[in-house]
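Participant: My questions will all concern the structure given below.
The values are calculated or read from the model by the stated rules, or taken from the named source; none is laboratory data. If you're wondering where the values come from, they're calculated on a predicted model, not measured in any experiment. Reconstructed Cβ throughout: ideal geometry from the backbone, glycine too, with neighbour counts over all protein chains shown. Each accessible area value is taken on the protein alone, full model and side chains, heavy atoms only, with ligands, DNA and RNA left out. Shrake-Rupley method; radii C 1.70, N 1.55, O 1.52, S 1.80 Å.
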Amino acid sequence: EDSLPNLLVVCGDHGMSETGSHGGSSEGEILTPLLFISSAFEKRSGPLTQPELVQQTDLASTLAVGLGLPIPRNSVGNLIFPVVGGRSMREQLRFVHLNGFQLSRLLQENTPVYEKDPGYEHFKIAEKSHGNWIKLYLEENNSEILLNLGKKVLKQYLEALKTLSSSLSKQVAQYDMYSMMVGTVIIMEVLLLLLLSVPKALSSRAELQVPLSTPLFSLLFYLMWLILCAVHVIVCTSAESLCYFCSMSWLTTVGVMMLISALMCSILSTVAKIFENSRLPQRNPVVSSSTWSEIDVLILAGTIGHVLSLGASSFIEEEHQTWYFLINTLCLMLCQELCRSNFLLKECDLQHSITMTQNSDSTEEASECKNIDIPAAADSKLGKATTSAEFIKGSDKWISLASPWIILICCRLLRSLNQTGVQWAHRPDFGHWLTRQVSDLLSEHKSELSFLAAVSLVMIFFLVQRRCSLVSKIAMALGLLGVYSYRAAIGNVVYPWQHDSKDISKGITEARFVYVFVLGIVFTGTKDLLKSQVISADSSVKSTGLWEVYSGLVLLAALLFRPHNLPVLVFCLLIQTVMTKYIWRPLKFDAAQISIMHYWFGQAFFYFQGNSNGIATVDVSAGFVGLESYVEVPAIFLTVFATYAGPLLWAIHLLCYLSSEVSRNSAAVSHGCFCYALMRSIPVAIYIVLVTALRYHLFIWSVFSPKLLYEEVHVFITAAICLFFAAVDQNPSHKVQ
C-alpha cells in the first residue's frame, strides 16, 4: 500500500494481414492491441466494453504524464484519458492542459498561421474555461456547479487535443509531392541519358556526347519550357500547404525548368540520332563475332536482381546478404573461366587461332563501335584463352586456379568478423569476442587484439609498399607505427612490455603524427600526377603517383579503423593483389567488366566493415581521431571516409589498375569511370522512385529513409571519384564532350 503502483503495458508495433504481410496499410496490419495493467486503476466489473481506438503516437504522451516526466517536445500524440480517469478533477484538468500546451507550442513552430487552426482556437477556449474553474475551486466551492463546469472544461480540452493531434499528424504524413516529382524527373532524365550513351561511351574513342547546345536553340525546348513554367504557376498558386520548390526564387525555378527541358530535348535528339544511324548503310559491314559471356550475364542478372530487391524492406535490412551472394557467385564464375582457359585449350584451337589472325585488320576496324579496350584478338574468347595460356606458366598456373578459392575463404572469414543487418546482428562474432570488456579499462582479450592489430599493420605495409618510392615506404612504415601507438595511447591495444592500461590519453599527438605522414604520401603522389600531366607523359610516373595517393588513403583508413577491423583492410589489399596478378591480367577482361567487379567488391567491403543500412552502425568516433574538440568539417570528412572506406579504396584501386595497364586501349580509364558512374546511378534512381511510391509504407522512416541517406552520401563520393578519374585521364588521343 505504501509503495508506488506498478504499470504493465502490453502492445505490438504492428499487426498482420491474413496472408502474413505486415508492411502495408490494411486494417489488419495497422491495428494492434494496447493493454494497460496497474494497481492504480479501479477494478472493472460487469461485461467488457468496446475498446477505445487510439493512435500509436498517443503512447508517448500517456507514459510521460503517468510517470511524471515532460512530454517529448515533438510528440504529436494526445493523452489516453482512461489511464488517468481515476484521478481527481483538478489533476485530470492539469494533465490535459499540459498535453494541450505542448501540442499548441508544436503547432506554433510548424504552422505560420497557427491562430486560425481549429484545434488551437478550441484549446484557447478550454484554457479560459479552465481559469474560471480554478477561481471557483480556490473559493472552495464544492457544489455541483464546480463538478459540471469541470466536466465541460475536460470535454473542451479533449476535443482540442484530438483536433490538434490530427492537424499535426497530417503535417507529418503530408509529403511535398510536387518537389519530389521534379527531383525524380531530373534524376530519371540523367539516368536515361547515361543508358543511351552506353554504346558511344564504351567504344574505343570513349565519346560521351550530350547534345545540349542544339536543344537550347530549338522550338521544342522553348515550348516545353513555357509549358513547365505554366504548370509551376498553377501548382504553386493552388497549393494549400507549403511547397519547397514553390518557395524558391523565380530565378532558380526558371533555371530548373530550363534544365528539365534541355535534358528532355537531349534525350529525344539522342534517340533520333540512334534511330537515324541504324537506318544508314555501313561502309565496311563486319559480322560481329562477340557474344555475351557468362560473366556478362552474371553482371546483368546481379545488377537487375539487386535493384529489384530494394523494393522490399527485409532485403534492405539484410542487403549485405545480397552482396555476399553476388561476390561468391562471381568467384565461382571466375574459377570456371580460369579452368576453361587452362584445361580446355586444345591443339586444334591453337591452329585455328593462327588462321584467325589473318582477319585481324577487319576486326580492328569493327572495334570502333564495340566495348573494346584491349587490342586485336581480345574480343574473341579464343584469343583470350591463347593469351592467358601464354601468361600463366609453371606454379603461377596453380596459384591462379586456386585464387578464386582463396578469395572465397577470405570473404568467409570477413563475414565472421562483423555481424551486421537486423536479423542476426545480435549473434556473437569474432569482433565482439576481441573487444569484450571485463570493466571500463580492462578488455578480456586485449593481448589477442594487440597481436592481431600488429600483424595486420605489418601485412598492410608489405601489401602496399611494393610500388611506392623509397620516401613513401619510409613514411608508410612510420605512419603504421604511429597507428599502433595511437591505439595503445587510448587503451585499445598494449605494447608487449606493457602490463596495464592506466596511462590512457586521447592520443591526439600520435594521431596527428600519422596525419602528417598521410598528407606527405598523398602530396608526393599528387606531385607525380601533376608531373605526368604537365611535364612528361610517362605512364610509369602517373602509375606511381596514383599508387602513392592510394597508399596514403590506406594509411588513413588504418588510423580510423578500430583495431579489430584492421583485418578487413588486410583482406581488401590481399584480394586486390590476388585478383590483379592471377585473374584480371591472365583472363584479359575488358575495362567495363573489371570496373563492375571493383564496384561489387567495394559494396561487399562496405558491409564487411560492420556497416548496415541503419544509422546506428555509423562509427562516429572516427570523426574525433586527433581532434581535441568537435570541429565540423574535419569530423564530417573523417566519419564519411571511415564509413565508405571499402567502396572508396576499391574505386581508387580501379583507377590505379587501369592506368598501369599499358597494353590496354587509352580509353580504358574513361570506360572505367563511365561504368562506375552508371553502376551507382541505376540503383539510386530506381530506389528514389521506389521510395516515392512506398512513402506510406510502415517502415518508410525506420528502413527506407536511412538507406536513402546512405545512398545520397555515396552518390556524392562517387561524383568526387569520377571527377578524380577525369582529372587523371587527360589523354588527347580520345575526346570527352
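Participant: Quick one: what pairs do we get from the stretch 465-492, first residue outside any helix (DSSP H, G or I), second modelled with pLDDT under 90 and among the basic types (Lys, Arg), C-beta under 7 Å, 6+ apart or different chains?
Facilitator: Hits for this filter: Ile490/Lys506.
Participant: Before we move on, is Ala622 farther than 17 Å from His714 by Cα, open to solvent by less than 20 Å² (accessible area, probe 1.4 Å), assigned by the TED database to the domain that holds Ser450 and touching a residue at least 12 places away in the same chain (Cβ under 8 Å)?
Facilitator: Taking the combined requirement at face value, the residue satisfies it.
Participant: A follow-up question, please. Right, Ser681: in a helix (DSSP H, G or I), under 15 Å from the mean Cα position of the chain (by Cα) and touching a residue at least 24 places away in the same chain (Cβ under 8 Å) or not?
Facilitator: yes
Participant: For the stretch 76-91, which residues satisfy the criterion of being in a helix (DSSP H, G or I), under 19 Å from Tyr137 (Cβ atoms) and in contact with a Phe, Trp or Tyr (Cβ under 8 Å, 6 or more places away or on another chain)?
Facilitator: Val84, Arg90 - these are the residues of the stretch 76-91 that are in a helix (DSSP H, G or I), under 19 Å from Tyr137 (Cβ atoms) and in contact with a Phe, Trp or Tyr (Cβ under 8 Å, 6 or more places away or on another chain).
Participant: Of everything in the stretch 578-614 that's of a type in the set (S, T, N, Q) and over 13 Å from the mean Cα position of the chain (by Cα), which residue is surrounded by the most Cβ atoms within 10 Å (Cβ to Cβ)?
Facilitator: Only one residue tops the list, namely Ser595.
Yes/no per residue for (1) out of contact with any Lys or Arg (no Cβ under 9 Å at 6 or more places or on another chain); (2) surrounded by fewer than 20 Cβ atoms within 10 Å (Cβ to Cβ); (3) closer than 25 Å to Trp650 by Cβ:
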residue: Asp429; (1), (2), (3): no, yes, yes
residue: Ile460; (1), (2), (3): yes, no, yes
residue: Ser469; (1), (2), (3): yes, yes, yes
residue: Leu481; (1), (2), (3): yes, yes, no
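Participant: Taking the options Glu52, Glu18, Glu29, name whichever one is in a loop (DSSP other than H, G, I, E, B) and under 30 Å from Ala693 (Cβ atoms).
Facilitator: Glu18
Participant: Residue check, Cys675 against (1) out of contact with any Gly (no Cβ under 8 Å at 6 or more places or on another chain); (2) open to solvent by 40 Å² or more (accessible area, probe 1.4 Å); (3) part of a helix (DSSP H, G or I), all met but one. Which one?
Facilitator: (2) is the only condition that Cys675 fails.
Participant: So which residues in the stretch 684-711 are assigned to a helix (DSSP H, G or I), touching a residue at least 12 places away in the same chain (Cβ under 8 Å) and open to solvent by 40 Å² or more (accessible area, probe 1.4 Å), if there are any at all?
Facilitator: Residues satisfying the conditions are Ile686, Val689, Leu690, Leu708, Leu709.
Participant: With (1) open to solvent by 50 Å² or more (accessible area, probe 1.4 Å); (2) outside the structural domain of Ile80 (by the TED database) as the list, and Val9 as the residue in question, which single condition is left unmet?
Facilitator: With (1) open to solvent by 50 Å² or more (accessible area, probe 1.4 Å); (2) outside the structural domain of Ile80 (by the TED database) applied to Val9, the lone miss is (1).
Participant: Determine whether Gln498 is assigned to a loop (DSSP other than H, G, I, E, B), of a type in the set (S, T, N, Q), in the same structural domain as Ala651 (by the TED database) and over 30 Å from the mean Cα position of the chain (by Cα).
Facilitator: Yes.
Participant: Identify the single condition in (1) touching a residue at least 40 places away in the same chain (Cβ under 8 Å); (2) assigned by the TED database to the domain that holds His122; (3) in a loop (DSSP other than H, G, I, E, B) that Leu103 does not satisfy, given that it satisfies every other one.
Facilitator: With (1) touching a residue at least 40 places away in the same chain (Cβ under 8 Å); (2) assigned by the TED database to the domain that holds His122; (3) in a loop (DSSP other than H, G, I, E, B) applied to Leu103, the lone miss is (3).
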